[in-house]
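Participant: Structure in structure tokens, see below.
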Amino acid sequence: MLKLIKIKSLILIFSVFFVLSNEAYCAGGETYDLIKPGFSFEGPTGTYDRAQLRRGYQVYREVCASCHSMKQLAFRNLSQKGGPEYTEDDAKLFASEYTVIDGFDDYGDSVERTRILSDRFPNPYDSKEAAKASNNGAYPPDLSLITKARSGGYNYIYSLLQGYGKEIPEGIEISDTLSYNPWFPGNGIAMYQPLYEESVEYEDGTFASIEQMSADVTAFLAWSAEPEMEERKRLGFIVMSFLIIFALLMFFTTTRLWKDVH
Amino acid sequence: MDTDYKYEPKNGLTRWLDSRLPLMRFTSEHVLQFPTPKNLNYFWTFGFILTMCLVTQIITGIILAMHYAPSTLLAFDSVEHIMRNVNYGWLIRYIHSNGASMFFLAVFIHMFRGLYYGSYKEPREVIWILGCIIYLLMIVTAFMGYVLPWGQMSFWGATVIINLVGTLPLIGESLTQMLLGGFAVDNPTLNRFFSLHYLLPFIIFGVVLLHIWALHVPGNNNPVGLSVQGKQDTVAFHPYYTVKDFFAYTVFLLLFCYFIFYNPNALGHADNYIEADAMVTPAHIVPEWYLLPFYAILRAVPDKLAGVLLMFGAIAVLFFLPWLDTAKVRSGRYRPVFRYFYVLFVIDCLILGYLGAQVPEGIYLFLSRVTTIYYFAFFLLVLPILGRIEKMKPMPIGISNSELSRDMVAAE
């Protein structure tokens, strides 16, 4: 038994070590603590708030989408389990608002048709160059994976969105084409303030404060980065429960078997 | 090793088979009835755990390869395709990516165990050396695997490491060209890394078989470090160690599954979810956690070539361990002074790992130099000298008597 405790403590030491070494990279260059509002999808049993995801999609669609692509998402994802869970008809309706060039007709002319469920979200720019040209040379990153692709994760995105309109501290120079944002590495961000009070008019009547929209769109982006999260946690609970019971049985089996060995 | 147990075919069919392909005999004598010291502790379960890790990586890897596209244009998106569109693709990929970390965690414990109990000493030198080869192959395989998702850290990690290889005298340039397949990390690099990443695990598998073969000649070492003297010292591998190993593996799986299901990206770097871009260099280029100690050693030295040689030297020195340690006593239990140096060495490696993730400046640079010096001093000074001058604790006369004698030692 003592030996077992030794092993467990060793494993614990190692896992603490992983987390520490991992935290270390996250710390790179950030001087401001992230705002952590506490999202519904946190923790081992957390799930997405459907209404929040739908509001978040509205913010993305009406604000972010004018510059940022989400190339990993298809319209069918909007109706799948564990997401905003729109009905298939609603998702079709969203898709039909956009067109796509799809192959050629018999005369060799390109064919434009409205998007369907299996189509991806449209890209606001035809090329990376066009995107840069429209944004003072900065490329608006694809948002499909953004909460996984930034240290600090969704809390970083949430903080960043609220980091505008703050007084520039003395000693910090921000060029004219950039905005001051305390959470952005280097503090000068090429994205202008994207959200203002009532930038969108929520369909469910929620008041669209900057805080509210930031939280909603962050939740939506967290889902788009990890659409499998709910299924993952659900399966994880079953697997972990099984393993705990199985480990206990194996422990008793081992003790019983070794009882007579001296 | 000599065993009293001999396989006897029970019926006509097994007798017929035994004289043609003695498969049943082999299984019986080398798996089921294999005499194993009865005093092995839980640190000895990691051999089995590591075998399971290798099998897990191979199986999940084969499935991932069915959906992955090794092209710079498609690689990143094909990984996202696996995560989003392939049935349970996220599960398979998270098992594979976290599995690499768990594999290294287990191999570190396995190696530190060997180091403490003197499992590399005569007559087990070849087992140790084969183990070092496996470890080296694991590092190469993991490095190539990390390049495949074609994220920013994949691309820049590969760029940094291949540059380092280029500093080696004589072979550097041609080796760099062979790895790159061009002038920079690009499509040919990704293609050959994918090919080699698929090949190397099977080579590891082959060396693992040799490792186990070499183990089955002298048999297992054990916590007291004494050789098996007779039947009273051993139990049959099955069921005693099959059950015990499986229990330990289940506990190991609990940690593994925590990462897979509840914190799947904790061990990775956020930048690898950004597609590779040759025009944008990440602020900090860091390898995966299991390579950080070596990265710290590399950056502790101001000269690039010297750093590279020290980094490779940190692994190369392991191969000579059986001859560097001059102590005849195997187990660290009976080496009172060695124990302190050993604990210090484990802490040293952990600190090196921590430092590998920091920017090498100021106190971090100073610390990484101190810890690098101790890393090499442990192998090149402490072990050769200590073995000659250390006064060993009284030892039991045999494995079966060890319990009694250990109490005596503790009472002193």
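Read the figures in this text as sums done on the coordinates, not as results from a lab. The model shown is predicted, which means the values in this text are computed figures rather than measured ones. Cβ atoms come from the backbone with ideal geometry, glycine included; neighbour counts cover every protein chain shown.
Participant: Could you check which residue among B:LEU254, B:LEU210, B:LEU305 shows the biggest mean-square fluctuation in a GNM of chain B with a 10 Å Cα cutoff?
Facilitator: B:LEU254
Participant: So, one more: Could you tell me which helices of chain A pass both thresholds, a Cα extent of 20 Å or more along their own axis and a mean Kyte-Doolittle hydropathy of at least -0.5, with helices taken as whole DSSP H runs? Write out the running numbers ahead of the final one.
Facilitator: Numbers: long enough: A:2-26 (36 Å, 1.43); A:210-225 (22 Å, 0.67); A:229-258 (42 Å, 0.99).
Membrane-span-like by this rule: A:2-26, A:210-225, A:229-258.
Participant: Give me the distance in nm between label points sitting 7 Å out from Cα along the Cα-to-Cβ direction at A:THR114 and A:PHE237, one decimal.
Facilitator: If labels sit at A:THR114 and A:PHE237, their model points lie 4.0 nm apart.
Participant: For chain B, take the longest principal axis of its alpha carbons; what is the angle in degrees between that and the long axis of helix B:187-215, to the nearest 10 within 0 to 90?
Facilitator: Helix B:187-215 sits at roughly 0 degrees to that axis.
Participant: To the nearest 10 degrees, how steep is helix B:304-319 against the longest Cα principal axis of chain B, on a 0 to 90 scale?
Facilitator: Tilt relative to chain B: about 20 degrees.
Participant: Mind checking the dipole of the stretch B:288-398: about its Cα centre, +1 per Lys or Arg Cβ, -1 per Asp or Glu Cβ, Debye to the nearest 20? If you can, show how the numbers build up before the last one.
Facilitator: Numbers: 11 positive and 6 negative charges, 124 e Å.
Dipole size: approximately 600 debye.
Participant: Go through the stretch A:36-131 and name the chymotrypsin sites (Phe, Trp or Tyr not before Pro) that are in a DSSP coil and have 14 or fewer other Cβ atoms within 10 Å of their Cβ. Intermediate results must be reported in sequence, preceding the final value.
Facilitator: Numbers: sites: A:PHE39, A:PHE41, A:TYR48, A:TYR57, A:TYR60, A:PHE75, A:TYR86, A:PHE94, A:TYR98, A:PHE104, A:TYR107, A:TYR125; in loops: A:PHE39, A:PHE41, A:TYR48, A:TYR86, A:TYR98, A:TYR107, A:TYR125.
Answer in residue order: A:TYR98, A:TYR107.
Participant: Next question. Distance check, please: which entries in A:LYS36/A:LYS166; B:LYS38/B:LYS231; A:LYS259/B:LYS38; B:LYS6/B:LYS328; B:LYS38/B:LYS244; A:LYS36/A:LYS148 exceed 22 angstrom between their Cα atoms? Don't skip to the end; give the middle numbers.
Facilitator: Details: A:LYS36/A:LYS166 18 Å; B:LYS38/B:LYS231 10 Å; A:LYS259/B:LYS38 12 Å; B:LYS6/B:LYS328 33 Å; B:LYS38/B:LYS244 12 Å; A:LYS36/A:LYS148 16 Å.
As for pairs spanning more than 22 Å Cα to Cα, those are B:LYS6/B:LYS328.
Participant: Another question about this same structure. Of the chymotrypsin sites (Phe, Trp or Tyr not before Pro) in the stretch B:57-108, which ones lie in a loop per DSSP and count no more than 16 other C-beta atoms within 10 Å? Display every interim value, and only then the final one.
Facilitator: Details: sites: B:TYR68, B:PHE76, B:TYR88, B:TRP90, B:TYR94, B:PHE103, B:PHE104, B:PHE108; in loops: B:TYR68, B:TYR88.
Here the chymotrypsin sites (Phe, Trp or Tyr not before Pro) that fit, given the DSSP loop and packing criteria, are B:TYR88.
Participant: Say the dipole of chain B comes from +1 at the beta carbon of Lys and Arg and -1 at that of Asp and Glu; which of B:GLY131, B:PHE256, B:LEU32 then lies farthest toward its positive end?
Facilitator: Farthest towards the positive end: B:LEU32.
Participant: Classify the stretch B:300-355 as rounded, prolate or oblate from the Cα gyration tensor: take a ≥ b ≥ c as the square roots of its eigenvalues, call it rounded if a/c is under 1.5, otherwise prolate when a/b beats b/c and oblate if not.
Facilitator: Taking the square roots of the gyration eigenvalues as a ≥ b ≥ c, the stretch B:300-355 is oblate.
Participant: Hey, another quick one. With charges set only on the Cβ (+1 for Lys and Arg, -1 for Asp and Glu), what does the dipole of the protein assembly as shown come to about its Cα centre, in debye to the nearest 20? Write down the numbers at each step before the final one.
Facilitator: Numbers: 51 positive and 61 negative charges, 843 e Å.
The dipole magnitude comes to about 4040 debye.
Participant: Report, in degrees rounded to the nearest 10, the 0 to 90 angle that the Cα long axis of helix B:362-377 makes with the longest principal axis of chain B.
Facilitator: 40
Participant: Among A:LEU93, A:LEU160, A:LEU34, which one shows the biggest mean-square fluctuation in a GNM of chain A, springs joining Cα atoms closer than 10 Å?
Facilitator: Answer for the Gaussian network model of chain A: A:LEU93.
Participant: Compute a Gaussian network model of chain A, connecting alpha carbons closer than 10 Å, and tell me which residue from A:ASP90, A:ASP109, A:ASP49 fluctuates the most.
Facilitator: Residue with maximal mean-square fluctuation among A:ASP90, A:ASP109, A:ASP49: A:ASP109.
Participant: What does the net charge come to around B:TRP128 if you take all other residues with beta carbon closer than 14 Å to its beta carbon, with K and R at +1 and D and E at -1?
Facilitator: Values: positive: B:ARG113, B:LYS121, B:ARG124, B:ARG330; negative: B:GLU122, B:GLU125, B:ASP325.
Here the charged neighbours net out to +1.
Participant: Taking the Cα atoms of the stretch A:68-212, report the difference between the largest and smallest coordinate on each principal axis, in whole Å and largest first.
Facilitator: Sorted from largest, the Cα extents of the stretch A:68-212 read 64, 38, 27 Å.
Participant: Using the Cα centre of the stretch A:74-120 as origin and beta-carbon charges of +1 (Lys, Arg) and -1 (Asp, Glu), tell me which of A:SER110, A:ALA95, A:ALA74 is placed farthest towards the positive end of the dipole.
Facilitator: A:ALA74
Participant: Would you work out which of B:TYR7, B:GLY268, B:ILE63 lies farthest towards the positive end of the dipole of chain B? Charges go on Cβ: Lys and Arg +1, Asp and Glu -1.
Facilitator: My answer, from the dipole projection, is B:TYR7.
Participant: Treat every Asp and Glu Cβ in chain B as -1 and every Lys and Arg Cβ as +1, leave all other atoms uncharged, and give the resulting dipole magnitude about the Cα centre to the nearest 20 debye. All intermediate terms of the calculation are to be shown ahead of the outcome.
Facilitator: On the way: 26 positive and 25 negative charges, 232 e Å.
Computed about the Cα centre, the dipole is about 1120 debye.
Participant: For B:VAL235, which sequence-distant residues (separation of 5 or more, or a different chain) have an amide H within less than 5 Å of its own amide H, given hydrogens modelled in the peptide plane?
Facilitator: So B:VAL235 has HN proximity to B:THR36, B:LYS38.
Participant: Using only alpha-carbon positions, what ratio does the radius of gyration of chain B give when scaled by 2.2 N^0.38 Å? Working shown, then result.
Facilitator: Numbers: Rg = 23.5 Å, N = 412, 2.2 N^0.38 = 21.7 Å.
Against the empirical 2.2 N^0.38 Å value, I get 1.08 for chain B.
Participant: Please identify the GluC sites (Glu not before Pro) of the stretch A:86-135 that satisfy two criteria: DSSP loop assignment and at most 11 other Cβ atoms within 10 Å. Which are they? Show your work: numbers first, answer last.
Facilitator: On the way: sites: A:GLU88, A:GLU97, A:GLU112, A:GLU129; in loops: A:GLU97.
For GluC sites (Glu not before Pro) across the stretch A:86-135 that sit outside H, G, I, E and B with at most 11 neighbouring Cβ atoms in 10 Å, the list reads A:GLU97.
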